[in-house]
Structure formats: C-alpha cells, structure tokens
Amino acid sequence: MTEFVNVDLGSRSYNISIGSDLPIGTALGESSAITALVVSDTNVAPLYMERCVSLLEARGLTVTSAVVPAGELSKSLECAADLYSKAVDAGLDRRSVIVALGGGVVGDLAGFVAATFLRGVQFLQVPTTLLAMVDSSVGGKTAVDLPQGKNLVGAFYQPVEVVADLDSLDTLPEREYISGLGEVVKYGVIWDKGLFEYFEQNIDALLKRDKAVLLKIVKRCCEIKAEVVAQDEREGGLRAILNFGHTYAHALETVSGYDKWLHGEAVSLGMVYAAKLSVALSGFSENDAERLVTLLDKLGLPIKLDDAPDWAELRKAMDADKKTLNAVPRFVLAKRLGEVIFGCEVPEDALKAIG
Ligand SMILES: NC(=O)c1ccc[n+]([C@@H]2O[C@H](COP(=O)([O-])OP(=O)(O)OC[C@H]3O[C@@H](n4cnc5c(N)ncnc54)[C@H](O)[C@@H]3O)[C@@H](O)[C@H]2O)c1
C-alpha cells in the first residue's frame, strides 16, 4: 500500500509517497530531454543506486551517478564543488534533476547543489534513513557545513517529489534506526498526543521495524511537518516548534564532537532537558515528562549522560545556536503532550539548575 502526503506550498507544492517498491520520478513525467544526476554515498550506493538509476532510465531520462564518502564530512563546500563538476560533465541544463539517494547528509548536500547549480535545477529526494524520511527530506532546508559550524551555508529549496521507500529501512544499522526514532517521538510531543500514545502502545512493533506501523508513523510525521512548513516555510515563527529538544542537542553535539552522539540521540537527551524545563516553567506535568522519558528509554534512546559535559562550555554552545537572539537562547517548551510553545526565554538559573 502506498500513502501520499501533499506539501502545500502553492506553485512549489509536492507529494511525498510512502510505501514499498515505489516508482521514482513520477513528478518529472517521461522525457528523454531530462538529464539526471543521482547523488548517493558509499554505504547506500551499493544497495540502491542500480534500482534508482534503472527506474529513472525507464522513464527515458539520461542518468549519471555520483558517490560521496558516507558521513557528515561530505556536507562540505569541497564535495559540493566536485558535484558541480560532475553536473557540468554530465551535461545538466535548466531542465535537469538532481536526485538525493541516501540519508540527511546526501539530502542536504545534493539539495544545496540543486539549489545553486545554474541558479537552481529540479531536485528529487529519495530518503533512505528514518530521520531523512520524517524530517530532513521534507521542508526544503538544504545546507553544507563550514569548519566553524554545521549548516552554515545553505538555501531553502523545495524538492519536486519525495519518495520514502520503507523497504530501504531494512538495511539501516540499528543505531541509526533508533536515532531516527528520536525525531519521530518529537512529533508526538509537539503536535499529536494520539500519535504519542500510539508509540507507547507499539514499542515492540516499532523496534521490529514493522512495515504497517512504519507506514502509519512516517505518514503522520510527514503530515505534521508538511502542515508546519506550509504555515511557515522560512521559520519566521511556528516552524521553530520542530526544534523541540534541539537547542540542548545542538550544544551537546558541538561540545562532544559530532562523532559521539547521532543526531536523534542528542535530540532525545535534549527533549529530556526541555521536558524538565517545561515542568519548571510552562506547566508541563511531572506525569507527562515521565511518560516522555519512559518512552525514549524503552525505545533504546539515551535519557541521561554518564559524564556530563562542562556546563560553561555547553552554555556557550547554546549561544551559538542559530535560534539564539541577542545571546539569549530561545526554547521550545511543552505545555502538555501534543502542545508546545516556542520562542521562550528561560531564566539563566533554570538553565543551569536543570543542565
Ligand atoms: N534539512 C533538514 O531539515 C535536516 C533535518 C534534520 C537533519 N538534517 C541533517 O541530516 C544529517 C543526518 O542525516 P541522517 O541521520 O540520515 O545521517 P546520514 O545521512 O549520515 O546516514 C546515516 C548513516 O546510514 C547510512 N545509510 C543511509 N541509509 C541507509 C540504508 N538504507 N541502509 C544502510 N545504510 C544506510 C549512511 O551511509 C550513513 O552512514 C545531518 O547532516 C543533519 O544536519 C537535516
């Protein structure tokens, strides 16, 4: 069964398809005039590149592929420059499409190249991690990193289509899959208490990667992200709620080095921190906070640090967060499961007491 979610952005609207054995390139039509560059990484390409290329060729497209090293280091201007060269060599023109086949790293990098090559060519996302399916492939944020920090150069650039084939999750390493569940849980907290309860009731099925459960939750998470992005594409307001747990998570990633915690793991620890702040400041009940921590724990996500990083360093890293205004970090706090408020200034003593 295939489910569809529409991201309603006027002339830049697009569909996300979610299911098994899905076609790729429906939004492109069938045209021998379209040239495609499929970008993947060294882990994903051996598994899924051949299928992706043949599906696009079956539509009549002329297809070239490019493979970057797996890992965050590929989200660089150097890798982007290599891909610009490949795009020129492959004869890409304004009608062409760049396809991201992989996780958030490939999606952010290929999306940035698609946004900037020839001032923008078509972009298609084929996410292969849970995190990319529910988060990074939807909403149009693309970026590369600089040595000074993550995602410092980028563009808002929407894809023409997102194809989330759940079969690709079968090969995802366990730690990466569980990390993706961190972002999944976030959607229940920020928007949909019923979804949160569904997670609580389906922990075993989630851990076994049950396809029917995955279909339901990936669809619901994409619906929520689509709704938020449709209301606030460029993060002038509401879109900030997607950052629940992220101020702390980004700071932790900065001070621990990016190889210690996977993003969803850092988000899990960040949500525990945000839940404690919320109990102190925004009326979140102890019971709801406990339910969140218990769910994260049962899913195998980290809920506490064995060796806490130096508070002063962590606090300084919070100031570097892109959501910080005038050196005051802004937090998303929960009122109850399914409802959060954003842009909250938190008193310094509360930040420290909970950290
Ligand atoms: N643009 C956005 O809105 C947004 C949102 C959240 C995160 N991000 C970015 O996403 C990136 C993290 O994404 P990620 O967690 O998907 O990491 P990732 O892209 O590094 O993928 C994780 C690992 O899994 C491997 N892999 C991917 N799919 C696989 C599969 N199906 N089978 C086997 N191995 C597979 C990859 O090669 C990699 O080693 C970060 O750079 C982050 O900044 C972007």
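The values are calculated or read from the model by the stated rules, or taken from the named source; none is laboratory data. Please read all numbers here as calculations on a predicted model, not as lab measurements. Positions of Cβ are generated from backbone atoms using ideal geometry, with glycine treated the same way; all protein chains shown enter the neighbour counts.
Listing for the model above:
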item: Residue list for region 249-290, restricted to those being surrounded by fewer than 17 Cβ atoms within 10 Å (Cβ to Cβ), free of Cβ contacts under 8 Å to residues at least 24 places away in the same chain and away from the ligand (no atom under 16 Å from the Cβ); result: Glu286, Asn287, Glu290
item: Residue tally, condition surrounded by fewer than 16 Cβ atoms within 10 Å (Cβ to Cβ) and either away from the ligand (no atom under 16 Å from the Cβ) or among the small types (Gly, Ala, Ser) (or both), over region 16-25; result: 2
item: Gln158, sole failed condition from (1) more than 11 Å from the ligand (Cβ to nearest atom); (2) assigned to a helix (DSSP H, G or I); result: (2)
item: Which listed residue is among the charged types (D, E, K, R) and over 27 Å from Asp288 (Cα atoms), from Lys193, Lys186, Lys211, Lys219; result: Lys211
item: Subset tally (residues that are more than 12 Å from Val184 (Cβ to Cβ) and touching a residue at least 24 places away in the same chain (Cβ under 8 Å)) for region 210-226; result: 4
item: Answer from Asp192, Asp165 - the residue that is surrounded by fewer than 24 Cβ atoms within 10 Å (Cβ to Cβ), modelled with pLDDT of 95 or more and not assigned by TED's automatic domain parsing to the domain that holds Lys304; result: Asp165
item: Qualifying residues in region 103-135 (those that are surrounded by fewer than 24 Cβ atoms within 10 Å (Cβ to Cβ) and within 16 Å of Gly25 (Cα to Cα)) - the one farthest from the chain's Cα centre (by Cα); result: Val121
item: Any hit, region 275-285, residues being among the hydroxyl-bearing types (Ser, Thr, Tyr) and touching a Phe, Trp or Tyr at 6+ places or on another chain (Cβ under 7 Å); result: yes
item: Selection within region 53-78 - within 21 Å of the chain's Cα centre (by Cα) and more than 12 Å from the ligand (Cβ to nearest atom); result: Leu77
item: Residues that are acidic (Asp, Glu), under 19 Å from Ala155 (Cα atoms) and modelled with pLDDT of 95 or more, drawn from region 69-114; result: Glu78, Asp82, Asp108
item: Failed item in (1) surrounded by fewer than 17 Cβ atoms within 10 Å (Cβ to Cβ); (2) modelled with pLDDT of 95 or more; (3) more than 30 Å from Asn287 (Cβ to Cβ); (4) more than 15 Å from the chain's Cα centre (by Cα), with Leu207 passing the rest; result: (3)
item: Single residue of region 34-52 satisfying the filter (in contact with a helix residue (DSSP H, G or I) (Cβ under 7 Å, 6 or more places away or on another chain) and more than 9 Å from the ligand (Cβ to nearest atom)) that is modelled with the lowest pLDDT; result: Ile34
item: Sole residue being surrounded by 18 or more Cβ atoms within 10 Å (Cβ to Cβ) and out of contact with any Lys or Arg (no Cβ under 7 Å at 6 or more places or on another chain), chosen from Val228, Val185; result: Val185
item: Meets criteria (farther than 19 Å from Asp167 by Cα and surrounded by fewer than 22 Cβ atoms within 10 Å (Cβ to Cβ)) for Thr62; result: yes
item: Every residue from region 333-346 that is among the hydrophobic types (A, V, I, L, M, F, W, C), within 17 Å of Ser285 (Cβ to Cβ) and assigned to a strand (DSSP E or B); result: Leu333, Ala334, Val340, Ile341
